[in-house]
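Structure first, commentary second.
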Amino acid sequence: MDEDLAYLRWHYCGAYVVNHPAPDVWIAQRTNDRRVLRAETPDGLLMLMRQDYAENPVPRQKTGRPHRITAGDQATKDRSGPPAQPGLAPAR
């Protein structure tokens, strides 16, 4: 699950704040209007985020990746490049 969270954060952190606070709870909050998307699985959240973003793109900052740094984020940052897409469904 840590890999799924790292993947979602890496690819969507400018548009959404992504968290996995409990088993079967995946949350993404839009950075522009604070709307919240919820799903029971990382695949479900990814699908909701893709649909939401396609319908209403979130303006992104052009500098940096603004979000709260956590130990998991630091571990991801220490690796070169984006995290591998673990079990998540590929983009269509």
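The values are calculated or read from the model by the stated rules, or taken from the named source; none is laboratory data. Worth saying up front: this structure is predicted, and the values here are computed from it rather than measured. Because the Cβ atoms are built from the backbone with ideal geometry, glycine has one as well, and the counts that use them run over all protein chains shown.
For residue 48, the criteria (1) on the phi > 0 side of the Ramachandran plot; (2) at pLDDT 95 or above hold in every case but one, which is (1).
Which pairs turn up if I take residues in the stretch 11-24 that are in contact (Cβ under 8 Å) with a residue 40 or more places away in the chain and look for partners that are in a loop (DSSP other than H, G, I, E, B) and hydroxyl-bearing (Ser, Thr, Tyr) with beta carbon separation below 9 Å, at least 6 apart in sequence or on another chain? As it stands, the answer is 13/31; 14/31; 15/31; 16/31; 17/31, since those pairs meet every condition given.
Candidates are the residues of the stretch 1-17 that are in contact with a His (Cβ under 9 Å, 6 or more places away or on another chain) and part of a helix (DSSP H, G or I); the one that is nearest to residue 52 (Cα to Cα) is 8. Checking residue 65 against (1) charged (D, E, K, R); (2) out of contact with any Gly (no Cβ under 8 Å at 6 or more places or on another chain); (3) modelled with pLDDT under 95, which single condition isn't satisfied? For residue 65, the exception is condition (2).
Restricting the first member to the stretch 39-56 and to residues that are under 14 Å from residue 10 (Cα atoms), and the second to residues that are among the acidic types (Asp, Glu) and assigned to a helix (DSSP H, G or I), the beta-carbon pairs closer than 7 Å and six or more apart or on different chains are 42/4.
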